[in-house]
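Right, one structure below, let's go through it.
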Amino acid sequence: MDAKLNQEMANEITSGVQSLKHVPLPQEKIVLPSKQDIQKEKTEKALVEDIQGFDSKALKAVETEEKSCLPTQDDIREEKRRLSQV
């Protein structure tokens, strides 16, 4: 009984494979880059090379000055006077 069942399954499998031969295999399409893509890639590559080749020792040292612009007492009085007039 097992041999008969196995034979039937084998026949079904092989008949199924034969019936699927009409289906074409998928073809991969190779898309070549456009002229703009090539130019963009060259520009980006040149920019990266410029950044990597930059000499940071050529920069000058600068000290940072922090400035605080707080209003004076006179500025506060003047603003209060303008607001009260409105």
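Take the alpha carbon gyration tensor of region 39-86, find the square roots of its eigenvalues, order them as a ≥ b ≥ c, and report rounded if a/c is under 1.5; if not, report prolate when a/b exceeds b/c, else oblate. Because a/c hits 1.5 or more and a/b fails to exceed b/c, region 39-86 counts as oblate. In loop segments of region 45-86 as defined by DSSP, the GluC sites (Glu not before Pro) with at most 10 further C-beta atoms inside 10 Å of their C-beta are Glu63, Glu65, Glu66.
All of the numbers you see were taken from the coordinates with simple rules; none came from a lab. Note that the structure is a prediction, hence the values are computed from the model and not measured. Methodologically, a virtual Cβ is constructed for each residue, glycine included, from the backbone with ideal geometry; neighbour enumeration extends over all protein chains shown.
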